[in-house]
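One structure below.
The values are calculated or read from the model by the stated rules, or taken from the named source; none is laboratory data. Predicted model, so just to flag it, every value in this text is computed and none were measured. Positions of Cβ are generated from backbone atoms using ideal geometry, with glycine treated the same way; all protein chains shown enter the neighbour counts. Remember, those area values only see protein heavy atoms, side chains included, never the ligands or the DNA or RNA. Shrake-Rupley method; radii C 1.70, N 1.55, O 1.52, S 1.80 Å.
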Amino acid sequence: LRLGVTGLSRAGKTVFITSLVANLMDRGRMPQLRAAAEGRIEAAWLQPQPDDAVARFAYEEHLAALTAPEPRWPEGTRRIAQLRLSLRLAPDGLLAGLRRPRTLHLDIVDYPGEWLLDLALLGQDYDAWSEAALRKAPRRPGGAAFLDRLRGLDPAAPSDEPTLRALAAAYAAHLEQARAAGFADLTPGRFLLPGDLEGSPALTFAPLPPAPDAPRRSLRRECARRFGAYRRLVVTPFFRDHFARIDRQVVLVDVLGALARGPRAFDDLREAMAGILSA
């Protein structure tokens, strides 16, 4: 059973997974877990990482950090990680006495919530994404500075790499400021967690105002092309190789944190959740 666990920044994914595994291995505080209450979980143990191409979730290190004499929060999720927990289950039902215990492998897949938000991009083209991004920018920290950079810019002007890099950097800085202030509906997610794609054309674009007559090799046409490359090279493989293989999904949301930051942050969180549900 593959269980996906994600959540937006600072939602508590790492702590949740660590706590879940620790309690499944020692079920003294899980009376609401029916299988535990009925005594059907005979044993629970960690297995070797089942996927050689995915990092192992650092359960032991995170547990040590949380239970140390001076506890500290583990580092946040910045990549996909996985952990396999196996449960030996006693049979139940009328024929329980005739059956042997079975083993359930629970594969917990941890990944950044920003990547989950990107799934909504599969149903959008560059025009729709740009319109939404520019509409939301004035309500977010850093948005005014990004919009100021766009003033006087002609989207139909010839494309050049320095201008594209400057625009992408300005938009990424806007997303970083918005995330630091508690805003959630921020795409593309890899602008916040670029990894080995940092500096690539697939991460070097920005939303631009409409330009219906923009010619080929213009700024807007090139940004649209790179947006398509981002969907093809980043979002689609994540959906195909990871998200589509998940059997159950847990999404953690810091509702109280959004409320504490004000109505704009809370409304932004609602939009983010709507995008996740549609994805």
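Residue-level check: of (1) in contact with a helix residue (DSSP H, G or I) (Cβ under 6 Å, 6 or more places away or on another chain); (2) modelled with pLDDT under 90; (3) assigned to a helix (DSSP H, G or I), residue 97 misses just (1).
Count, please, the residues in the range 144-158 that happen to be more than 31 Å from the chain's Cα centre (by Cα) and closer than 16 Å to residue 221 by Cα.
Start the filter on the range 144-158 by keeping residues that are more than 31 Å from the chain's Cα centre (by Cα), which leaves 151-154, 156-158.
With closer than 16 Å to residue 221 by Cα added as a condition, the list becomes 153-154, 156-158.
Adding up the residues that qualify gives 5.
Which one of the conditions (1) free of Cβ contacts under 8 Å to residues at least 40 places away in the same chain; (2) of a type in the set (Gly, Ala, Ser); (3) open to solvent by 20 Å² or more (accessible area, probe 1.4 Å) does residue 81 fail to meet, given that it meets all the rest? The single condition residue 81 does not satisfy is (3). Taken as a whole, the structure leaves residue 168 outside the set of residues that are open to solvent by 40 Å² or more (accessible area, probe 1.4 Å) and either over 12 Å from residue 141 (Cα atoms) or not in a loop (DSSP other than H, G, I, E, B) (or both). Summed over the range 47-78, the residues that are modelled with pLDDT of 90 or more, of a type in the set (S, T, N, Q) and either open to solvent by less than 60 Å² (accessible area, probe 1.4 Å) or in contact with an Asp or Glu (Cβ under 9 Å, 6 or more places away or on another chain) (or both) give a count of 1.
State whether the residues of the range 117-139 include one that is farther than 30 Å from residue 257 by Cα, in a loop (DSSP other than H, G, I, E, B) and not β-branched (Val, Ile, Thr). Talk me through it step by step, then tell me what you get.
Applying the first criterion (farther than 30 Å from residue 257 by Cα) to the range 117-139 yields 125-127.
Cutting the leftovers down to in a loop (DSSP other than H, G, I, E, B) gives us 125.
From what is left, the residues that are not β-branched (Val, Ile, Thr) are 125.
Yes, that holds for at least one residue.
Considering each of 251, 235 in turn, give the residue that is surrounded by 15 or more Cβ atoms within 10 Å (Cβ to Cβ), assigned to a strand (DSSP E or B) and out of contact with any Lys or Arg (no Cβ under 6 Å at 6 or more places or on another chain). Full working, then the answer.
Details: 235 fails: assigned to a strand (DSSP E or B).
Among 251, 235, only 251 is surrounded by 15 or more Cβ atoms within 10 Å (Cβ to Cβ), assigned to a strand (DSSP E or B) and out of contact with any Lys or Arg (no Cβ under 6 Å at 6 or more places or on another chain).
Considering the range 1-46, and only residues there that are in contact with a Leu (Cβ under 7 Å, 6 or more places away or on another chain) and part of a loop (DSSP other than H, G, I, E, B), the residue that is surrounded by the most Cβ atoms within 10 Å (Cβ to Cβ) turns out to be 11. Only residues that are part of a helix (DSSP H, G or I), open to solvent by 20 Å² or more (accessible area, probe 1.4 Å) and either farther than 27 Å from residue 11 by Cα or polar (S, T, N, Q) (or both) were counted across the range 178-219, and they come to 1.
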